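The values are calculated or read from the model by the stated rules, or taken from the named source; none is laboratory data. The shown structure was predicted, so the numbers you read here are calculated from the model rather than taken from an experiment. A quick note on method: Cβ atoms are made from the backbone with ideal geometry, for glycine too, and the neighbour counts reach across all protein chains shown.
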Amino acid sequence: MGFTESVRRLWVVTSLTLRYLLGTRRVIAMLLLSAFPFILALSLAAARVAAFNILLFQVLLIPLFLQVVLIFVTLVNATTLIREEIEDNTLPYLLTRPISKPAVVIYKYLGYVVAVLVLLVPPIVLAYGVTQAYQGTGLTTDLDVLGGFLVATVVGTVAYGAVFLFISVLVRKPLAVGLLIGFVWESIVGSIPGDVPKLSVIHYLRSVLKGMIAVGPMTTYRSDISAGIAVLILVGFSVAMIVLTVMVFQQMEFRQKA
Amino acid sequence: MSAVAEAAGVSKWYGEVLGLNAFTASFGTGITGLVGPNGAGKSTLFKLLIGQLHADQGTLRLLGENPWNNVPMMQRLGYCPEHNQMYGWLSGQQFVEALMRLHGMPSEKASKAASAALKVVGLSGAAHRPTRTYSRGMRQRAKLAQALAHDPDVLILDEPLSGADPMARVQILRTISDFAKDGGHVLMSTHVLYEIERITNNIVLIHNGKAIASGDIHAIRALIDEHPHAVRIETSHPRQFAQALARMEHVVSLEVPAEDTLLIRTRKPDAFYKELPGIVADTKLDVRGLESPDDSLEAVFRYLVG
């Protein structure tokens with residue numbers, strides 16, 4: 001199998017994934033949810049809330065964006081990648097082609113990462129722009145805040161996507177299990193004192209914010225690792241999850257659904 | 001090549017349910033029909049042959065190779081699944097073209113191959129419509145197009161005529177015959193013996209996960225002719241249709257079990273299927289679907305297995 005042919009297959013599977021995640025009606029709900037930071041910032045500005053500034057931006061977005069929007073958008077998109085093709089009986093169209101199962105998993109995951117970042121990044125940037133304009137400071141004044149949230153969004157998309165994709169090849173109802181992990185495990189484990197939060201993704205996302213943002217609610221967060229180390233840990237964790245997904249998927253059998 | 005596909009003592013369990021039971025058969029060159037009622041194990045066997053299932057027991061070969069996780073073998077295989085789901089948000093052209101690119105074809109070649117295959121199955125006119133707007137017959141033809149567009153050595157077709165209207169049936173059967181005439185091999189499953197009889201004499205009969213007979217179709221024809229063959233037609237004018245069909249001497253009974261359904265039993269299925277397109281054209285009545293319920297074939301199988 002030549003390099004050019006592999007690139008063609010990568011492009012086909014990734015673009016089919018992108019078209020499905022961004023080009024079908026399901027994207028409307030995802031767009032509305034993803035736009036939440038921007039809608040919130042616009043609402044605060046329109047209501048002329050006196051306390052609305054870059055600090056309030058952080059105070060609101062850490063729980064609402066990182067712990068709700070990011071988790072929900074990654075969960076819904078990552079769990080559909082393979083499970084929906086299994087349930088819809090469309091997977092044989094891909095698997096009866098000269099493309100390996102690991103390649104299908106990895107190419108679909110790449111398509112997912114691009115699609116979710118297309119959904120999540122613009123609203124964060126726009127929300128930041130509205131906040132800066134409202135408080136009358138230049139767009140470059142608090143770039144550390146924007147940078148911190150963008151890095152957390154990218155790494156969170158990669159890590160949560162890998163976890164939810166793995167769940168989707170393990171169980172038939174990945175959304176329910178994903179909801180438990182995303183909203184119960186992450187919020188409970190992430191708020192227990194001591195070293196227990198290290199077992200959650202959100203701990204490392206908070207560590208990224210703490211390490212990258214000079215002034216804000218995360219500066220007092222208890223974390224003994226730098227932003228760079230937190231990113232590396234999440235990337236390593238994501239790679240491990242994808243490897244596990246590939247191993248399970250390689251041995252999976254696909255019985256036709258009635 | 002002596003056998004396109006071979007199964008020796010192949011068993012497959014789904015939990016406690018036995019999908020295939022020590023199935024042993026050899027599928028020769030040309031067209032071979034795998035005939036059996038629903039639940040007989042046809043789809044399980046095909047899923048094993050395309051590498052989507054792993055045999056619990058026995059050995060299985062397609063084109064001389066073990067199909068499980070066999071990526072290079074997929075270049076030589078064309079598969080048409082039984083179900084009608086497709087990527088509904090793609091047009092027929094985009095659907096086939098994308099799948100051709102997975103065979104490593106450059107964009108232009110994939111586009112040409114997709115157009116040619118859609119033309120062969122008579123879908124050129126609807127090539128740029130989203131596949132979610134296709135009728136069942138059009139979906140069957142689009143599935144056939146994606147299976148043969150890369151010019152495979154062997155086609156595995158799981159109930160390719162199920163639900164197709166009379167015109168689509170003619171087109172699909174013609175396409176399969178032409179593929180075989182050009183040197184291709186076809187394994188086609190059906191629960192309607194008369195469908196397969198029009199394009200091949202080679203059949204394997206499967207029942208309860210076992211191969212119960214194989215070889216020339218004529219040997220069991222006499223047995224089957226003793227049992228009236230049932231055909232269910234979906235139409236918005238079942239009573240008018242019944243009037244038109246009542247003139248056929250070989251029709252044993254006509255029933256209207258639902259507002260849009262006509263159930264016919266005939267002693268001469270060959271003649272029935274031959275005359276039906278002419279009647280549809282003469283009466284100008286719509287036929288949305290055509291299916292043969294299992295019961296007539298089931299009776300034959302009960303007889304064969306004692």
Out of all the residues in region B:66-81, is one or more buried (at least 17 other Cβ atoms within 10 Å of the Cβ) and away from chain A (no Cβ under 11 Å)? no
A:GLU253 vs (1) farther than 23 Å from A:VAL114 by Cβ; (2) within 14 Å of another protein chain (Cβ to nearest Cβ); (3) assigned to a helix (DSSP H, G or I): all pass except (3)
Of (1) within 14 Å of chain B (Cβ to nearest Cβ); (2) among the small types (Gly, Ala, Ser); (3) more than 28 Å from B:LEU144 (Cα to Cα), A:ALA46 satisfies every one except (1)
Of those in region B:87-111 that are more than 7 Å from every other protein chain (Cβ to nearest Cβ) and hydrophobic (A, V, I, L, M, F, W, C), the residue surrounded by the most Cβ atoms within 10 Å (Cβ to Cβ) is B:VAL96
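Grab the helices (runs of 4 or more DSSP H) fully contained in region A:58-151, keeping just those with 1 or more residues being away from every other protein chain (no Cβ under 14 Å) and over 30 Å from A:GLY2 (Cβ atoms).
Working: elements: A:70-87, A:91-95, A:101-135.
Ranges flagged: A:70-87, A:101-135.
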Quick count over region B:259-276, residues being surrounded by fewer than 18 Cβ atoms within 10 Å (Cβ to Cβ) and in contact with a helix residue (DSSP H, G or I) (Cβ under 8 Å, 6 or more places away or on another chain), is 5
In the set B:ALA211, B:ALA244, B:ALA180, the lone residue that is of a type in the set (A, V, I, L, M, F, W, C) and outside the structural domain of B:THR44 (by TED's automatic domain parsing) is B:ALA244
Subset of region A:172-197, residues under 22 Å from A:VAL104 (Cβ atoms) and exposed (fewer than 14 other Cβ atoms within 10 Å of the Cβ), comes to A:ARG172, A:LYS173
- Item | Meets criteria (under 20 Å from A:PHE164 (Cβ atoms), within 14 Å of another protein chain (Cβ to nearest Cβ) and touching a residue at least 60 places away in the same chain (Cβ under 8 Å)) for A:VAL248 | yes
For region B:1-31 the number of residues that are away from chain A (no Cβ under 14 Å), surrounded by 24 or more Cβ atoms within 10 Å (Cβ to Cβ) and not aliphatic (A, V, I, L, M) is 2
When every residue in region B:215-233 that is under 29 Å from B:LEU18 (Cβ atoms), crowded, with 18+ Cβ neighbours inside 10 Å and within 19 Å of the chain's Cα centre (by Cα) is compared, the one modelled with the lowest pLDDT is B:ILE217
Picked from region A:1-50 (must be of a type in the set (S, T, N, Q) and either over 24 Å from B:SER91 (Cβ atoms) or in a helix (DSSP H, G or I) (or both)), the residue farthest from the chain's Cα centre (by Cα) is A:THR4
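Filtering region B:248-274 down to residues that are over 19 Å from B:LEU285 (Cβ atoms) and not in a strand (DSSP E or B), which residue is farthest from the chain's Cα centre (by Cα)? Break it down into steps so the answer makes sense when it comes.
So the first thing to find is which residues in region B:248-274 are over 19 Å from B:LEU285 (Cβ atoms), and the list is B:249-250, B:252-253, B:265, B:267-271.
After this cut, where a residue has to be not in a strand (DSSP E or B) as well, the list is B:249-250, B:267-271.
Numbers: B:GLU249: 28, B:HIS250: 25, B:ARG267: 22, B:LYS268: 21, B:PRO269: 17, B:ASP270: 17, B:ALA271: 20 Å.
Looking at the filtered set, the residue picked out is B:GLU249.
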Result of the Cβ filter at 6 Å on region A:171-188, keeping first residues that are under 15 Å from A:LEU66 (Cβ atoms) and partners that are surrounded by fewer than 14 Cβ atoms within 10 Å (Cβ to Cβ), at least 6 apart or interchain, is none
Quiz item: Does region A:221-240 include one or more residues that are without any contact (Cβ under 8 Å) to a residue 60 or more places away in the chain, more than 17 Å from A:SER168 (Cα to Cα), assigned to a helix (DSSP H, G or I) and among the basic types (Lys, Arg)?
Solution: no
